[in-house]
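Heads up, the thing below is written out as structure tokens.
The values are calculated or read from the model by the stated rules, or taken from the named source; none is laboratory data. Only a predicted model underlies this, so the values are computations on that prediction, with no experimental measurement involved. Cβ sites come from the backbone with ideal geometry, for glycine too, and all protein chains shown count toward neighbours. Surface areas here come from the heavy atoms of the whole protein model, side chains and all, with no ligands, DNA or RNA. Shrake-Rupley method; radii C 1.70, N 1.55, O 1.52, S 1.80 Å.
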Amino acid sequence: MQVLKFGGTSVANAENIKKVIEIVKQSSQKDKTIVVVSALGGVTDLLLNAASLSETGNELYKEKLSEFEQRHLEAVKQLIPVAQQSQLLSLVKKSCNELEDICNGIFLLGELTARSKDRISSYGEWISSQIIAAAFNANKVDAVWKDAKELIVTNSAFTAAEVDFKETDSKINGYYNSQSASIIIIPGFIATDKNGVTTTLGRGGSDYTAAIIASALNAKALEVWTDVSGMMTADPRLTNNARIIPNISYQEAMELSHFGAKVIYPPTIQPVMNKAIPVWIKNTFAPTDTGTLIESTSSSNGNIVRGISSINNIALISLEGSGMVGIPGFSKRLFEALSSEKINVILITQSSSEHSICVGIDSKDAGKAKHSIDIAFANEIALQKVEPLKVEADLSIVALVGENMKNHTGISGRMFGAMGRNGVNIRAIAQGSSEKNISTVIATKNVKKAINVLHEEFFETTFKLVNLFISGTGNVGGKLLAQLNPQAIFYKKE
Ligand code: ASP
């Protein structure tokens, strides 16, 4: 069996949903298929927006809910023949009435809990999946709908619930083995806790739903259908020369997705990696494009660096002072102060002189971090053993990612050299001993320049040389090289 997941843009409207039906129709001829779908594009934001408007006593939430209703009524009318519409139209109406009741309650109380947020946002996938299942049937493609809330069991950490894999796997297997339909449509993102209360798996969590199902059923493949033709060597909004990565390992994909490549929700990789299930990233709007294949070992096609990624809104906090040198326990207390405020640590550096510890965090947490760390080290600050925490904002992380970087000398030299030659100052550097990721912290205003010079350094130089060679000689070898894709050309050099 195989699992195909379609994201918000792929199911944004009736026209796109028809493309999805066509893709699944073709693909399901080769294997039994579970289709996991997102809410119609933008609907989760719309619902959460309605929720926060009602919390702040703003009646505009009613407009958001009527927009929700209109979008779904329109989808039903465009996808389903009139004679079969009534059941779905009343489902949409009933859901909208429930949503209005919930939001009225929040409006009156002025209180929005994480539990209510999950309840509200769950309607997006719950309705989209039922409309899509009906649209399959209206197009004479047999499909059954199954509620993910009956299959995926989580704890009660609302808005980012953690899956109970044992129970979930057994429910998924129990259902799947009793079901003979060759296409099953399931809503992504939504689940329930042990008390049957609705939970969600975090924003972007439909990918994760698909991976959980693929792993439970030992699927032959998981296909994540989105609006781009795969993972790219860099963010195409930052460099015109970014290109699709044909294959990549699970580890590299995880690194790239954690570092801002929004193509796949990072937790998705773990369940499929454990079972070595291949994952394809495919484009709903260009289905014949090859896409990106994520698997255990990506073919070593000579590319030392697999991709370049970046994250903005980074603040660098530094704890400095001669009183820290050689004394154990400072970093423990620093990290405890951060974790007590639930502040996520993105990057850590400490030089061997132990005179300073530098931590990269999300800039929205910088104020909280300063407050809690200055309190935690109040004594040492008073005795001038350490200085009050230094905070620098407007920073970004730019990272090179690639498993083949391990044991290759000179990569960081080339990275820092390229950035230095182009006037990009590096504020901090981190590389774990796994050597899969070399991260630099730089000023946000330099990110575009940095990505472009690094892309040129690691992905374009050889390509240019080969082109020069081809145009210069016009010989057979050159022509042959021209037919190869750039990945193969890199192999020649490295
Ligand atoms: N609809 C949810 C979101 O927008 C989940 C998903 O699409 O993956 O975050």
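Any residue that is under 25 Å from Asp193 (Cβ atoms) and open to solvent by less than 10 Å² (accessible area, probe 1.4 Å) - is there at least one of those in the stretch 52-60? Yes: one or more hits. Just one of the listed residues (Thr198, Thr168) is surrounded by 15 or more Cβ atoms within 10 Å (Cβ to Cβ), at pLDDT 95 or above and within 16 Å of the ligand (Cβ to nearest atom), and it is Thr198. For the stretch 222-237, the set of residues classified as open to solvent by less than 10 Å² (accessible area, probe 1.4 Å) and either touching a helix residue (DSSP H, G or I) at 6+ places or on another chain (Cβ under 9 Å) or of a type in the set (A, V, I, L, M, F, W, C) (or both) consists of Leu222, Val224, Met231, Thr233, Ala234, listed by residue number. If the condition is being open to solvent by 10 Å² or more (accessible area, probe 1.4 Å), of a type outside the set (A, V, I, L, M) and within 17 Å of the chain's Cα centre (by Cα), then the stretch 238-256 contributes Gln251, Glu255.
For the stretch 339-362, what are the residues that are in a loop (DSSP other than H, G, I, E, B) and in contact with a Gly (Cβ under 8 Å, 6 or more places away or on another chain)? Let's see the steps before the verdict.
As a first pass, look at the stretch 339-362 and keep what is in a loop (DSSP other than H, G, I, E, B): 341-346, 351-355.
Within the stretch 339-362, Val345, Ile346, Glu354, His355 qualify.
Of the residues making up the stretch 348-366, just one is in contact (Cβ under 8 Å) with a residue 12 or more places away in the chain, more than 18 Å from Val441 (Cβ to Cβ) and surrounded by fewer than 13 Cβ atoms within 10 Å (Cβ to Cβ), namely Ser353. Within the stretch 61-75, restricting attention to residues that are open to solvent by 50 Å² or more (accessible area, probe 1.4 Å) and charged (D, E, K, R), the residue that is nearest to Asn97 (Cα to Cα) is Lys62. Which ones in the stretch 215-235 are aliphatic (A, V, I, L, M) and within 16 Å of the ligand (Cβ to nearest atom)? Passing the criteria: Leu222, Val224, Val228. The residues in the stretch 45-80 that are of a type in the set (A, V, I, L, M), over 17 Å from Arg119 (Cβ atoms) and more than 16 Å from the ligand (Cβ to nearest atom) can be counted, and the count is 5. In the stretch 266-319, the qualifying residues are those that are in a helix (DSSP H, G or I) and more than 19 Å from Met1 (Cβ to Cβ), and the one that is most open to solvent (accessible area, probe 1.4 Å) is Gln270. Filtering the stretch 131-152 to residues that are in a loop (DSSP other than H, G, I, E, B) and in contact with a strand residue (DSSP E or B) (Cβ under 9 Å, 6 or more places away or on another chain) leaves Val141, Asp142, Ala143, Lys146, Asp147, Leu151, Ile152. Consider Asn475 carefully, then state whether it is over 22 Å from Arg237 (Cβ atoms), modelled with pLDDT under 95 and open to solvent by 20 Å² or more (accessible area, probe 1.4 Å). Considered against the rule, which asks whether it is over 22 Å from Arg237 (Cβ atoms), modelled with pLDDT under 95 and open to solvent by 20 Å² or more (accessible area, probe 1.4 Å), Asn475 comes out as yes. Within the stretch 77-112, the residues that satisfy the criterion of being within 17 Å of Asn58 (Cα to Cα) and exposed (fewer than 15 other Cβ atoms within 10 Å of the Cβ) are Asp101, Asn104, Gly105, Leu108, Leu109, Gly110, Glu111. Within the stretch 1-27, the set of residues being over 14 Å from Ala135 (Cα atoms) and more than 25 Å from the chain's Cα centre (by Cα) comprises just one member, Gln26. Of the set (1) more than 20 Å from Gly41 (Cβ to Cβ); (2) away from the ligand (no atom under 16 Å from the Cβ), all apply to Ile269 but (2). Within the stretch 201-214, no residue satisfies the criterion of being open to solvent by 10 Å² or more (accessible area, probe 1.4 Å) and away from the ligand (no atom under 14 Å from the Cβ). Among the candidates Ser412, Ser372, Ser340, single out the residue that is in contact with a helix residue (DSSP H, G or I) (Cβ under 8 Å, 6 or more places away or on another chain) and either within 30 Å of Glu457 (Cβ to Cβ) or surrounded by 15 or more Cβ atoms within 10 Å (Cβ to Cβ) (or both). Sole residue among the options that is in contact with a helix residue (DSSP H, G or I) (Cβ under 8 Å, 6 or more places away or on another chain) and either within 30 Å of Glu457 (Cβ to Cβ) or surrounded by 15 or more Cβ atoms within 10 Å (Cβ to Cβ) (or both): Ser372. Within the stretch 154-165, the only residue that satisfies the criterion of being part of a loop (DSSP other than H, G, I, E, B), polar (S, T, N, Q) and within 16 Å of the ligand (Cβ to nearest atom) is Thr159. The residues of the stretch 23-44 that are away from the ligand (no atom under 16 Å from the Cβ) and free of Cβ contacts under 8 Å to residues at least 40 places away in the same chain, listed by number, are Gln26, Gln29, Lys30.
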